[in-house]
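Have a look at the structure below, then the notes.
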Amino acid sequence: MSGWESYIAAIKEFGGESSALVGKNGSVWFMSSDWESNRAENEKTLLNLVKQYANEDEEGVADPYELRQHGVVLKPDPKYKIARVDKESGFAFGKGESKGLVIADFKQGLLIGAHGPK
């Protein structure tokens with residue numbers, strides 16, 4: 001199993017339904033099939049997330065106001081409202097109509113995962 005496949009397997013093991021990996025260099029490395037069906041729109045959303053994370057505060061963490069103000073839409077899912085950004089861990093947590101969203105910041109990119117109501 002390759003490196004990315006192990007990340008995706010771990011996300012699914014913990015109730016993850018959709019996921020994406022996007023590099024801070026502006027390239028989408030992976031997008032799950034349900035998000036892939038709306039690739040053009042979702043790619044714009046993912047690249048916008050990278051830009052928001054690049055707009056870091058003095059502590060090197062994405063501005064929570066920017067993330068909360070805009071929310072995240074990854075079709076076919078409805079809009080996720082970002083409820084919390086944890087500055088220490090680099091995680092952001094969102095809530096949609098029936099799913100949750102987690103964004104994890106790592107050195108080379110962002111890992112985004114949607115999970116069901118488990």
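The values are calculated or read from the model by the stated rules, or taken from the named source; none is laboratory data. It should be emphasised that the depicted structure is a prediction, and the values quoted were computed from it without experimental measurement. Please note: Cβ atoms are built from the backbone with ideal geometry, for glycine as well, and neighbour counts cover all protein chains shown. Note: accessible area is taken over every heavy atom of the protein model, side chains too, but ligands, DNA and RNA are not part of it. Shrake-Rupley method; radii C 1.70, N 1.55, O 1.52, S 1.80 Å.
Only a single criterion out of (1) closer than 15 Å to Trp35 by Cα; (2) open to solvent by 10 Å² or more (accessible area, probe 1.4 Å); (3) at pLDDT 85 or above is not satisfied by Pro78, namely (3).
Filtering Gly71, Gly23, Gly3 for residues that are open to solvent by less than 40 Å² (accessible area, probe 1.4 Å) and modelled with pLDDT under 90 leaves a single hit, Gly71. So how many residues does region 26-46 have that are of a type in the set (S, T, N, Q), open to solvent by less than 30 Å² (accessible area, probe 1.4 Å) and in a helix (DSSP H, G or I)? Count: 1. Of all residues in region 47-68, how many are open to solvent by 70 Å² or more (accessible area, probe 1.4 Å), charged (D, E, K, R) and either modelled with pLDDT of 75 or more or part of a loop (DSSP other than H, G, I, E, B) (or both)? Going through region 47-68 one residue at a time, the tally reaches 4.
Any residue in region 75-95 that is in contact with an Asp or Glu (Cβ under 8 Å, 6 or more places away or on another chain), touching a residue at least 60 places away in the same chain (Cβ under 8 Å), under 20 Å from Met31 (Cβ atoms) and not in a strand (DSSP E or B)? Taking every residue of region 75-95 in turn, none turns out to be in contact with an Asp or Glu (Cβ under 8 Å, 6 or more places away or on another chain), touching a residue at least 60 places away in the same chain (Cβ under 8 Å), under 20 Å from Met31 (Cβ atoms) and not in a strand (DSSP E or B).
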